[in-house]
Amino acid sequence: MQEREAVLRHVLDRQALTRRGLVATGLGAAAAISAGPALAQGTPAPAAPASPPANSSAKPGTLSAAPVSQAGLSPRLTLHAIDNFHGTPGAGMVCDLALHDGDGYRLIKTVTTAPNGRTAEPLLVDEAFKPGRYELVMHVEAYFAGLGVKLPTPNFLGLVPIRFRIRDASQRYHLPVLFTPWGYSYYRGS
């Protein structure tokens with residue numbers, strides 16, 4: 001057992017604690033880390049990765065900065081589109097936001113997500129943020145077609161409607177949506 005711990009310490013000392021590092025080290029090392037906090041205590045925290053130079057050709061859609069804290073902001077509705085097919089933010093996703101007005105849904109606005117998968121401005125804020133039934137329609141098929149992904153015609157998902165209710169306009173509502181050409185999931189975030 002001591003020999004195994006020594007090998008793990010050696011590997012961990014030489015390799016940053018990243019997903020790739022843990023996969024390269026093996027699941028045994030990951031289990032040892034989670035099971036033995038004493039092993040991890042003596043290991044310094046990995047250095048933050050340097051941001052790519054301005055002239056580099058970083059993969060489109062990858063995050064280059066940490067998310068901004070939402071603490072202290074007024075009540076609002078925000079969106080985060082996450083492309084699980086590519087493992088990137090859903091940059092360039094067109095979304096239609098509508099409000100239920102008794103007979104059906106009335107379009108409020110159409111937005112396109114930024115490189116980080118979020119919208120430049122909240123979907124609803126200030127006077128526009130009020131209780132009600134809403135529908136967000138995501139143009140999933142057009143998004144993947146725009147990226148050149150070969151999909152069947154017609155694709156399994158075209159337009160994805162997400163219906164939700166805002167009950168308390170004094171709270172913040174965040175809508176993270178994870179999607180692929182064949183499925184999606186969403187939840188109320190904070």
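Quick notes on this one:
- Over region 76-186, accessible surface divided per residue gives 51 Å², non-protein components excluded, 1.4 Å probe.
- Extension gain for the segment residue 165 to residue 145, taken as residue separation times 0.36 nm less the Cα-Cα distance, is 4.2 nm to one decimal.
- Near the amide H of residue 172, within less than 5 Å, lie the amide hydrogens of 76, all on another chain or at least 5 residues away, with H placed in the peptide plane.
- Using every pair of separate Cα atoms, the Kirkwood estimate puts the hydrodynamic radius of region 76-186 at 14.4 angstrom.
- When you restrict to C-alpha pairs under 8 Å that are six or more residues apart and normalise by the size of region 76-186, the relative contact order lands at 34 percent.
- Candidates per chymotrypsin sites (Phe, Trp or Tyr not before Pro) in region 86-179, loop by DSSP, up to 16 other Cβ within 10 Å: 156
- Computed E for residue 133/residue 185 - FRET, C-beta separation, R0 22 angstrom, nearest 0.05: 0.65
- Between residue 84 and residue 106, the simple spin-label model (points 7 angstrom out along Cα→Cβ) gives 3.5 nm.
- 3J(HN,Hα) couplings calculated from phi for region 74-89 with the Karplus curve 6.51 cos²θ - 1.76 cosθ + 1.60 (θ = phi - 60°) are, in sequence order, 5, x, 6, 10, 10, 10, 9, 8, 10, 7, 6, 5, 9, x, 9, x Hz; Gly and Pro show x.
- Linear extension gain, residue 178 paired with residue 126, 0.36 nm per residue minus alpha-carbon span: 16.0 nm
The values are calculated or read from the model by the stated rules, or taken from the named source; none is laboratory data. These numbers come from a predicted model, not from an experiment. Here Cβ is always computed from backbone atoms with ideal geometry, including for glycine, and neighbour counts include all displayed protein chains. What goes into the accessible areas is simple: the full protein's heavy atoms, side chains included, and nothing from ligands, DNA or RNA. Shrake-Rupley method; radii C 1.70, N 1.55, O 1.52, S 1.80 Å.
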